[in-house]
Every structure is written in C-alpha cells, then in structure tokens.
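One structure below.
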Amino acid sequence: MRAVTWQGTEDVQVQDVPDPLIQEPTDAVIKVTSTAICGSDLHLYSVLGAFLDPGDVLGHEAMGIVEEVGSEVTRIRPGDRVVVPFPIACGTCWMCQHGLSTQCETTQVRSQDKGAALFGYTKLYGQIPGGQAQYLRVPQAQFGPIPVPDDASPDERYLYLSDVLPTAWQAVEYAGVPENSTVLVLGLGPIGQMSARIALHRGASLVLAADFVPARLTMAARHGVEVLDLREIDDLPATVRGLTKGRGPDAVIDAVGMEAHGSPVAAGVQKVAGALPDALAAPLMKKAGIDRLAALRTAISAVRRGGTLSLSGVYGGAADPLPMMEMFDKQLTVRMGQANVHRWVQALLPLVADDADPLGVLDLRTHRLPLEDAPGGYRTFQKKEDGCVKVVLDPQG
C-alpha cells in the first residue's frame, strides 16, 4: 500500500509499505477513506525526529471502512464505517473505566514511562504505524473504533471525532466554562477553532481568540468568535483585561503548545536537538526545556485571578521553567493532557450528525489532497500558506 513516511527533518515521502495484517484477535484492518494532518504531526515533521526512524508511517486522524476483524472483535464488522480515535485503549482496565483512555494500562508504553500508545507518534508512544495510509491496522479494535452512520455525508462530518473535536471538547471541559463566562483561546489552528466554537455552544457569553494568521481569524469570526489580531496588539493580556471588566477572562485555553512563536533561545535548542544524532538528541529533549513558552506565559498573565488554564497544545520539554510565584499568587487551576476520546464522543456524535452543523465541522477543512500530495500538504500547513487551516488527505483518490 501507499503511506506517508517520515524520512528526516522536514522530509516526508509517500512510499510503498507492507499491507497491514491481523496480528492479534483484537485487531481490525481499516480501508482509510480520509486522514488528516494534525498540528502535532508538525512536531514530528520539524522537531521530534530523535524519536522516529526513517520509514515510520505518520498520522493519527483517520476514518474508513472495516476490511477485516480479529476473532475477538464483535462491535464492528467488515463494511462498517468507523472513525479511529488516536489513543489505543482496551476499554476495560482501571484507567479506561475511569475515563482516562489516554492512560490505558494495557497499552501504556512503560519502556518510555508514557501513557497509552498512539497511532503514528514516535517511539515514545509505541511506534505504531499511523493512519496516513491506504490501510490501517487498528489494535484493541474490540473497543477503539467508533461506528458512524453509513450515509452520503462527507467524511469531514465525522473525521474530526478521531482527535480534533474530543481534544477541543476536553479543553473546554478542563477550562470549567460555565454559562455566561468569558474565555480566551490562544491559537486558531484546528483545535483552537473548535475550542472557541464549543465554548460558545456550551454557553460562554464571550469567547475571545488570538492569532496572527488572516485565514484563521476570518474563519473564527464566521462562527461568532471575537478575534484578536496579534499583528495589531502589543500587549495581549492588557487588551484582554480591557474587554473583561479589568479582571481577565475566567479561563484561557492554550491551543498552541510547543510550536508557539516566542523565545529565540528555545527555538535554537529545538534546532540544535534536531541536528544531533538520536542517541544525543533524545536525552536532551527529554531532560531540557525545549519549548517556546510565549503562549503559556501569555495565558498565565491574561487569565483572571482564581481562573483556570486549560492546555491542549502539546508541550515536549521536561524542564520548562514556569512562573510559579505568579501562578500561586493568582490561585490558578491548571488542567492538561491528551484527549480521552471515548469519554467525550457520545456528547459529540449527535452534534456532528445534526444537519444544522452546530459546531461548523464542515467549515474547518481548507485543503483536501490526494495522499500522494502529502509532502506539499505538510509544507503548506507548516508555513500557513494558501489560507491553510486544516489538511485532509484522500488515500483512495
């Protein structure tokens, strides 16, 4: 089959790789009809090469048609249309039973002291071949895949249940957004877009969102978000306080993470680590503070006293310095982590199936490309060119 493979820093190639096979009785094989490029994939593209090998298949946002199932898989059968959540979880361990599927005790990558295995996401998370391919082997298929209606709706109606929507829903849940609250979203990539829309859907009276990319700002404004253009603002926390009675928002959602524009020193460490041999780069990235923390520091400054920070952007440094005095003095609550997809999907399914499209899922994808064009899609997404907000790949086209 054809698949998107990592070959080196900022070098992905579409290659022939072996077809996936049923290896365990709890496996399934999916014919992938749509698969997306995530902002987290850009971390692999440009920063986290120390934890990848040439030829690794990328991608963790996929959906398609069930081709084959193992003997212990009874929830789905060949011909079913399914979305595949990005965490690989068993559904029966203590963590899964408590809504923490990203910490699944069956698939935890204990050799790296990490949580549940993830599709297409480095040695740190199990080095499981990903979904940017024509076919995908799905471990733990007795629990993982989510059946969706087999109708004429475009895949983009359901595709984002794999990651974007549950991640955004959890970001809002962790932000503790009550009705009539005020929320600031930092970053208007796909997660930020959906976090802002979900916050409004769940009753926030004012949702502010900051970015500097015109296409992202325009998209968010279409959905009732009050956008803040960072090209025109010198002091974002002060601006936000001016819009929230001088206090700051009740919650800030950081949807940026380690790719934030900020410290040139941290940017330099990222580049140095990326150029080192893996044996040297991996320990550096595990133990050093390699993130650019401009977005997180902005969130800490902007949120009101007694407010909540919800971090959905991925951070990768183990020793990132934080302004603990300010956080303590302001009495902040901070929640973060990979999205526990199955915990939120039942609330999301009726919303994405609704023809009224209350979350605007059909207004997120800006580029749909054949799988063969994935290298160009990665470049366009990374450079934020051509009005790119979300890239979906078509493996069968």
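Observations, loosely collected:
- Rotationally averaged projected area of the chain (alpha carbon convex hull; nm²): 18.1
- Coil-residue GluC sites (Glu not before Pro) of the range 47-87, DSSP, other Cβ within 10 Å capped at 14: GLU72
- Shape descriptor for the range 36-140: Rg over Rh equals 0.97 (Cα atoms; Rh from the Kirkwood inverse mean 1/r).
- Accessible surface area normalised per residue over the chain is 40 Å², counting heavy atoms of protein chains with a 1.4 Å rolling probe.
- Rounded FRET efficiency, nearest 0.05, which uses the C-beta distance separating HIS98 from MET325 and R0 of 45 Å: 0.85
- R0 of 22 Å, Cβ-Cβ distance GLU385-THR9: FRET efficiency to nearest 0.05: 0.70
- Share of carbon and sulfur in the accessible heavy-atom surface of the chain [1.4 Å probe, %]: 51
- Under the criterion of Cα pairs below 8 Å and six or more residues apart, the relative contact order for the chain equals 18 percent.
- Entry note, the range 37-151: relative contact order of 28 percent, from Cα contacts under 8 Å with a spacing of 6+ residues.
- Whole-angstrom gap from the range 1-28 to the range 184-230, using each part's C-alpha centre: 34
- For the range 33-75 versus the range 79-127, the inter-centroid distance based on Cα atoms is 13 Å.
- The convex hull around the C-alpha trace of the range 21-67, projected and averaged over every direction, spans 4.3 square nanometres.
- Taking each of LYS245/LYS390; LYS114/LYS245; LYS31/LYS114; LYS114/LYS390; LYS31/LYS123; LYS330/LYS384 in turn, the alpha-carbon distance tops 31 angstrom for LYS245/LYS390; LYS114/LYS245; LYS330/LYS384.
The values are calculated or read from the model by the stated rules, or taken from the named source; none is laboratory data. Predicted model, so just to flag it, every value in this text is computed and none were measured. Virtual Cβ from ideal backbone geometry, glycine too; neighbours counted across all protein chains shown. SASA here: full protein model, heavy atoms, side chains in, ligands and nucleic acids out. Shrake-Rupley method; radii C 1.70, N 1.55, O 1.52, S 1.80 Å.
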